[in-house]
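Student: Have a look at this one.
The values are calculated or read from the model by the stated rules, or taken from the named source; none is laboratory data. Since the structure is predicted, the reported quantities are computational estimates derived from the model, not experimental observations. We place every Cβ from the backbone using ideal geometry, glycine too, and count neighbours over all the protein chains shown. Surface areas here come from the heavy atoms of the whole protein model, side chains and all, with no ligands, DNA or RNA. Shrake-Rupley method; radii C 1.70, N 1.55, O 1.52, S 1.80 Å.
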Amino acid sequence: ALWSRAWVNLPGMHNIHSTINFEENKTIKEYRLVQSKGIASPTMAMSYSLSQTTQDGVVSYDCKMVKDTFVALSLKDKPVNEWILPNADGKGYGGFYPDSISLVKLLNPSTIIKDDIGRASWLVMLNELFLNGKVNVDSYYSVLIANLSRETEPQIRQYLLDQVEQVWWKFFNADRRKALSDQLETSIYQLLISSNIKDDERKPLYNSYVR
């Protein structure tokens with residue numbers, strides 16, 4: 001696609017930051033996404049979805065970035081009960097940064113994104129935030145472990161296992177690993193004996209467990 005060649009050929013991966021402003025009644029006045037590269041051509045438009053999780057469910061909106069800024073008019077006057085996830089369908093290119101309010105809620109280990117694609121997109125987004133120093137290692141690890149314990153999709157579970165191992169061996173020192181070893185072993189062991197996981201899906205878990 002024209003847009004992908006244009007964005008990819010520019011040096012460095014661009015970032016798309018979400019900001020949110022409120023009316024006095026706490027509804028959304030403006031939700032804005034701003035990308036970090038000076039691209040302003042219709043042939044370079046990038047389309048992806050934006051999802052808002054509310055107490056009543058999830059609503060998706062289409063975003064098409066033709067210029068460096070996109071204002072989500074559909075979110076105007078909406079309350080923010082839960083969180084807003086940019087690039088919820090994973091079709092956008094670059095590093096996506098949720099707004100500060102949504103990020104706090106998304107970093108809560110008890111937060112559950114029910115949609116498989118949205119959940120996968122968030123985990124990839126979270127990894128970029130961690131590698132760029134926007135999320136600390138303990139918060140990142142807590143979200144990974146919490147999601148690993150309840151993940152039902154084999155491909156997402158494998159991604160979580162890979163990221164847990166990366167954090168464990170590359171970012172934790174020996175003291176931190178010792179402090180968390182019982183928790184990690186228990187988490188993986190519970191998955192190994194779970195009747196909800198098929199036999200052919202246990203090998204990656206076993207490999208992680210024995211390492």
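Student: Determine ³J(HN,Hα), in whole Hz, for all residues of segment 26-32 in sequence, where each value follows from phi through the Karplus function 6.51 cos²θ - 1.76 cosθ + 1.60 and θ = phi - 60°; x replaces Gly and Pro.
Tutor: 6, 7, 6, 8, 7, 10, 10
Student: Turning to a different aspect of this structure: Find how much the distance from SER60 to SER195 grows on full extension, using 0.36 nm per residue of separation minus their present alpha carbon separation; answer in nm with one decimal.
Tutor: Result for the pair: 45.2 nm of gain on full extension.
Student: Using a 1.4 angstrom probe with every protein chain in place, what is the largest-first accessible-area order of ASP89, ASP162? Can you show the working numbers first?
Tutor: Values: ASP89 45, ASP162 70 Å².
Solvent-accessible surface, decreasing: ASP162, ASP89.
Student: Report Rg/Rh for segment 73-145, rounded to two decimals, where Rg is the Cα radius of gyration and Rh the Kirkwood radius.
Tutor: Here Rg/Rh amounts to 0.95.
Student: Please sort 60-69, 97-106 by packing, taking for each peptide the average over its residues of neighbouring beta carbons within 10 angstrom, highest first.
Tutor: The peptides rank, most packed first, as 97-106, 60-69.
Student: Please say if segment 75-211 is rounded, prolate or oblate, where rounded means a/c under 1.5 for a ≥ b ≥ c the square roots of the C-alpha gyration tensor eigenvalues, and otherwise the choice is prolate for a/b larger than b/c and oblate otherwise?
Tutor: The shape class here is prolate.
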